[in-house]
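Below is one structure; the comments refer to it alone.
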Amino acid sequence: MSNKPTKKTPVLSLKNITKDYVMGDETLHILKNISLNIYAGELVSIVGPSGSGKSTLLHIMGLLDRQTSGELFLAGEDATSLTEDKAAKLRNRYIGFIFQQFNLLNRTSALENVLLPTLYNDTPDEEERVKAVKLLTDLGLGERIHNKPNQLSGGQQQRVAIARALINDPKIIFADEPTGNLDQKNGHEVLSIIKDLHKQGRTIVIVTHDMELASVAKRRIRILDGQIVEDKQL
Amino acid sequence: MNYAVLTKSALISILRNKLRSFLTTLGVIIGVLSVILLTSIGNGLTVFVEEQFENLGSNLLIISPGEIVSEEGGFNPDAAALSLTTSKLSEKDVDNLKRAGYPLSAVAPVIEGSIDIRTEQGKRKGYSLATTPDYSVLRNTKAVSGRFFSDSDVTGNRKVAVIGNKIKEKLFAGVDPVGASLTINRVRFEVIGVAEKKSSGSFGGPDIDSTVYIPISTARSALSQDKVSYILVQAADKTSIERGKERIKEIMSKRLQEEDFSVTDQSEILKTIQTILSTLTVGLAGIAAISLVVGGIGIMNIMLVAVSERTREIGLRKALGATPNNILVQFLIEAVVLSTLGGIIGIILGILGATAITAFFPATPALNSILLAFGVSFTTGVIFGVFPARKAASLSPIEALRYE
């Protein structure tokens, strides 16, 4: 049903992931025994009300946070316990992030923003520049590569952020409420970009509480109280 | 990791807040500026003193009475006053030294005294230096108008005087002093010459230009000054200074005990003064260095502000693959760029300032103090940048991304 997921090795695999927060005498169980696989080419949405633990799950999947227990594999590599340096390397090489707040650097051109992740790897500069220009052009920002974020509309800023997420050819892209800060028109624009990326075979995980956004996904995972209550292909 | 890119981004973020960056570097600028200015003044003083010594005459050996005055060598008026009462040096020693010949080429005994000088225009406390004509050769003291006294003035106990430039200005204003008369302690003297101006006279020691030079025999007969303050001896050349010294000790020992005299040469005195001055210079630089430390704390302060202001940026960079070390280096480079920029500005201002004050005060900027100041400002950046940079590096990416 979905985009012919290759049932061999998943891009991302979580086994019995839990996450606890200790607050004073109390231990909060934010995530309880989460297991899931995400395969290459999938477009998955993770939905749930706020406080359900979906953001924590996203952070753990994106190697930004560590699970309390359980195992995690990314692109076939065991990512269960990583040093900070190793986690940074894996994030740089395999993961692209799209944030609700865009998180572009102010007073830095669109092009430089797209190139930001390449500061932390060894690919030749010129190659990356050409690629960044192409990504921005494909996203309709060819005329604006030297504009600063404050000279761009919200939708344009999010497109810059998408280009930035793509610059290192990630194995998996996490989008955290990517339309949350956009008006309807720009939101639709970003939605259609995500659909296009999916068609190109990218693996994308969208975290949202917006049902319209979730509806573009081919698979929906619903989280409630730190547990997966639904995981179905649409 | 690309250091050129990191340095560039550091420059960009520094230029982003021009006023703040300037205020931050101000501490370092002032620190470096004062290090350079103060060491320049120290160096300038040293050079000045060396030049003054050159002026005093060359290959000079000084025999002073007793041991206590050995370091001052008779330049100090207190030592001179003391030597007047305790000195066992005498005319006989002078004769013995004169007979010695090579390596001693000239000998001049000196009796110093405090005197009251009076002319038609007024009176003034002064300083008398009674000696023989050889003194003018030894000390390079020339008469610019009139003449220095001669051997016959000495043998004839003539009441003649050569006055210093300041005496001429103060007590013979507008008149030609040569041929005029003045009284020294109520004894009338004829002015026969005016001594060449020796120095600005602003640094230590008795004022050479307020001196009245008189024949030594006259001082004895007319002013009843009889204790020899010190004896100046000139060695034939630079290489014979040591041998001259030995020879003097030999001759003097015939008549006097070892503790009754001491022999110093100019280079020793110069060395002592140089030691004092270089200690002074280091001390001044040390005081100035404190302001560099204060400057460093200013940098640390602003970098800490920058870290919390840019928490989101740090979180983003980490999410995109920056390791803690990448972040550390980025902030460290920023701190170092800030402090070295301050250092460079401070050096430029320091050199300009030192050049400007040479009009009033001897100041010579030294290359090594400039390099030192630059090195210290760089190090300040590193030391005071580490703490904020480590703080930035240790931020958790999700906390940082959530930060508003």
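The values are calculated or read from the model by the stated rules, or taken from the named source; none is laboratory data. This is a predicted model, so every value here is computed, not measured. No Cβ is skipped: glycine too gets one built from the backbone with ideal geometry, and neighbour counts run over all protein chains shown.
General remarks:
- Listed by position, the strands (runs of 3 or more DSSP E) inside the stretch B:131-187 whose residues that are not polar (S, T, N, Q) number at least 3 are B:143-146, B:160-163.
- Hey, B:L401 assigned to a loop (DSSP other than H, G, I, E, B) and within 14 Å of chain A (Cβ to nearest Cβ) or not: no
- Residue in the stretch B:70-84 that is at pLDDT 80 or above and within 28 Å of the chain's Cα centre (by Cα) present: no
- So A:L63, is it more than 14 Å from the chain's Cα centre (by Cα), aliphatic (A, V, I, L, M) and within 13 Å of chain B (Cβ to nearest Cβ): no
- Scan of the stretch A:197-234 for residues that are without any contact (Cβ under 8 Å) to a residue 60 or more places away in the chain and in a strand (DSSP E or B), ordered by number: A:V229, A:E230, A:K232
- Scan of the stretch B:317-333 for residues that are within 18 Å of B:Y403 (Cβ to Cβ), of a type in the set (A, V, I, L, M, F, W, C), more than 7 Å from every other protein chain (Cβ to nearest Cβ) and more than 43 Å from the chain's Cα centre (by Cα), ordered by number: B:I327
- Any pair with Cβ under 6 angstrom, 6 or more apart, that starts in the stretch A:87-114 at a residue that is more than 9 Å from chain B (Cβ to nearest Cβ) and ends at one that is in a helix (DSSP H, G or I) and polar (S, T, N, Q): A:F102/A:Q157; A:F102/A:Q158
- A:S192 falls short on exactly one of the conditions (1) of a type in the set (S, T, Y); (2) under 24 Å from A:E42 (Cα atoms); (3) in contact (Cβ under 8 Å) with a residue 24 or more places away in the chain; (4) assigned to a helix (DSSP H, G or I), and that condition is (3).
- Selection count where residues are within 13 Å of chain B (Cβ to nearest Cβ), assigned to a helix (DSSP H, G or I) and of a type in the set (A, V, I, L, M, F, W, C), scope the stretch A:161-177: 4
- Any pair with Cβ under 8 angstrom, 6 or more apart, that starts in the stretch B:1-20 at a residue that is within 19 Å of A:S109 (Cβ to Cβ) and ends at one that is exposed (fewer than 15 other Cβ atoms within 10 Å of the Cβ): B:N2/A:D125; B:I12/A:R107; B:R16/A:R107
- The condition of being within 12 Å of chain B (Cβ to nearest Cβ) and farther than 16 Å from A:A165 by Cα holds for only one of A:E71, A:E42, A:E77, A:E84, that being A:E84.
- Single residue of B:A236, B:A195, B:A222 found to be in contact with a Phe, Trp or Tyr (Cβ under 8 Å, 6 or more places away or on another chain) and at pLDDT below 85: B:A236
- Number of the exception - A:Q158 against (1) under 15 Å from A:S45 (Cβ atoms); (2) assigned to a helix (DSSP H, G or I): (1)
- Set B:I302, B:I314: member being within 14 Å of chain A (Cβ to nearest Cβ), among the hydrophobic types (A, V, I, L, M, F, W, C) and under 28 Å from A:D85 (Cα atoms): B:I314
- Matching residues in the stretch B:111-129 - criterion: being crowded, with 16+ Cβ neighbours inside 10 Å and either over 29 Å from the mean Cα position of the chain (by Cα) or over 20 Å from B:T183 (Cα atoms) (or both): B:I115, B:I117, B:R118, B:T119, B:R124
- Qualifying residue in the stretch A:70-77 (condition: free of Cβ contacts under 8 Å to residues at least 40 places away in the same chain and not basic (K, R)): yes
- Positions within the stretch A:137-152 being farther than 15 Å from A:Q101 by Cβ and of a type outside the set (A, V, I, L, M), in sequence order: A:T137, A:D138, A:G140, A:G142, A:E143, A:R144, A:H146, A:N147, A:K148, A:Q151
- Here A:I204 meets each of (1) over 14 Å from the mean Cα position of the chain (by Cα); (2) at pLDDT 90 or above with one exception, condition (1).
- Yes/no for B:I273 being under 30 Å from B:P362 (Cβ atoms) and either among the hydroxyl-bearing types (S, T, Y) or at pLDDT below 80 (or both): no
- As a summary of the residue check, B:G193 satisfies the conditions (1) touching a strand residue (DSSP E or B) at 6+ places or on another chain (Cβ under 8 Å); (2) without any contact (Cβ under 8 Å) to a residue 60 or more places away in the chain; (3) not in a strand (DSSP E or B) except for the one numbered (3).
- Any hit, the stretch B:338-357, residues being in a helix (DSSP H, G or I), in contact (Cβ under 8 Å) with a residue 40 or more places away in the chain and closer than 30 Å to A:F102 by Cβ: yes
- Residue that is surrounded by the fewest Cβ atoms within 10 Å (Cβ to Cβ) [pool: residues in the stretch A:128-160 that are charged (D, E, K, R) and away from chain B (no Cβ under 14 Å)]: A:E143
- Evaluation of A:K54 against (1) out of contact with any Lys or Arg (no Cβ under 7 Å at 6 or more places or on another chain); (2) surrounded by fewer than 22 Cβ atoms within 10 Å (Cβ to Cβ) (one fails), failing number: (2)
- Lone unmet requirement of (1) without any contact (Cβ under 8 Å) to a residue 24 or more places away in the chain; (2) more than 13 Å from chain B (Cβ to nearest Cβ); (3) buried (at least 19 other Cβ atoms within 10 Å of the Cβ) for A:L119: (2)
- Residue that is farthest from A:K15 (Cα to Cα) [pool: residues in the stretch A:207-230 that are charged (D, E, K, R) and surrounded by fewer than 15 Cβ atoms within 10 Å (Cβ to Cβ)]: A:E212
- Of residues in the stretch B:341-390 being hydroxyl-bearing (S, T, Y) and buried (at least 21 other Cβ atoms within 10 Å of the Cβ), the one farthest from B:N326 (Cα to Cα): B:S369
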